[in-house]
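Notes follow once the structure below has been shown.
The values are calculated or read from the model by the stated rules, or taken from the named source; none is laboratory data. Bear in mind the structure is a predicted one, so any value in this text is a computation, not a measurement. Heads up, the Cβs are rebuilt from the backbone with ideal geometry, glycines too, and the neighbour counts pull from every protein chain shown. Note: areas computed on protein heavy atoms with side chains; ligands, DNA, RNA excluded. Shrake-Rupley method; radii C 1.70, N 1.55, O 1.52, S 1.80 Å.
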Amino acid sequence: MLRRRHLGRVSFAEANALQRSLLQARDDYVLLFEHPPTYTRGVRTLEEHFLVPPSELDAVVVDADRGGDVTYHAPGQVVAWAIVSVDDDPTAGKAHVRRLEDAVIATVRRADPDARLGQVGRLEGYPGVWADLQGVPAKIAAVGVRTERNELGQRRTLHGVALNVEIDLA
């Protein structure tokens with residue numbers, strides 16, 4: 001069964017503690033929330049990937065145990081973390097990322113029937129979801145995921161997507 005939980009605005013630490021506890025659950029979960037101004041860096045992020053030194057940012061900087069690079073989170077961005085069981089296969093993580101991207105693409109296209117955002121989809125060689133693919137592409141959703149085996153031996157997913165809706169990127 002897939003269960004949905006709306007958390008409101010929570011810190012990365014609070015959301016992460018909840019998803020870690022749900023890793024052991026039998027049911028699948030989708031957590032929906034937003035963060036106060038926060039930068040997360042994935043496991044392969046280098047300091048030079050920040051455009052501004054982290055010590056100079058007016059936001060919390062957190063190390064996340066997920067793929068992906070630097071991601072900015074703030075009010076006006078919908079974060080959706082799926083804690084779900086996936087096949088016990090080395091390609092399961094990549095397949096899960098693709099399903100998340102597909103869900104975001106379908107959602108944005110439904111919400112934008114007049115295509116004000118231009119063509120929405122994937123940009124070859126770059127993860128996430130992009131708008132205006134025929135013009136100057138702009139990333140509208142970041143994706144960062146990891147899989148981990150729980151105490152029951154199931155391979156489960158952690159983290160997910162961050163969709164910019166009405167976020168102030170200044």
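Numerical summary
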{"read-out": "At R0 = 30 Å, FRET efficiency that the Cβ-Cβ distance of Leu133 and Val43 yields, to 0.05", "value": "0.60"}
{"read-out": "Gyration tensor (alpha-carbon) shape descriptor, segment 1-52, a/c threshold 1.5", "value": "prolate"}
{"read-out": "Mean separation of Cα contacts under 8 Å (6+ apart) over length of segment 19-170, as relative contact order %", "value": "28 percent"}
{"read-out": "Peptides 1-11, 38-48 ordered by average Cβ neighbours within 10 Å, highest first", "value": "38-48, 1-11"}
{"read-out": "The chain: calculated mean residue ellipticity at 222 nm from DSSP helix runs of at least 4, using -39500 (n - 2.57)", "value": "-6000 deg cm²/dmol"}
{"read-out": "Residue with peak Gaussian network fluctuation, the chain [Cα springs, cutoff 10 Å], from Glu101, Glu34, Glu151", "value": "Glu151"}
{"read-out": "Residue with peak Gaussian network fluctuation, the chain [Cα springs, cutoff 10 Å], from His35, His73, His49", "value": "His49"}
{"read-out": "For segment 65-130: rounded, prolate or oblate by the Cα gyration tensor [a/c cutoff 1.5]", "value": "prolate"}
{"read-out": "Segment 99-170 and segment 26-74: distance between their alpha carbon centers, rounded to Å", "value": "15 Å"}
{"read-out": "Portion, in percent, of the accessible area of the chain that falls on carbon or sulfur, probe 1.4 Å", "value": "52 percent"}
{"read-out": "Residue list for segment 72-109, given a label point 7 angstrom along the Cα-to-Cβ vector of Asp65 and an amide N cut-off under 20 Å", "value": "80-94, 96-97"}
{"read-out": "Sites Ser21 and Arg122 - FRET efficiency at Förster radius 45 Å, r taken between beta-carbons, to 0.05", "value": "0.90"}
{"read-out": "Neighbourhood charge, 12 Å Cβ-Cβ cut-off, centred on Val86 and excluding it, Lys, Arg +1 and Asp, Glu -1", "value": "+2"}
{"read-out": "Shape call, segment 1-143: gyration tensor on alpha carbons, a/c limit 1.5", "value": "rounded"}
{"read-out": "Accessible surface, per residue, of the chain when the full set of protein chains is kept, probe 1.4 Å, Å²", "value": "57 Å²"}
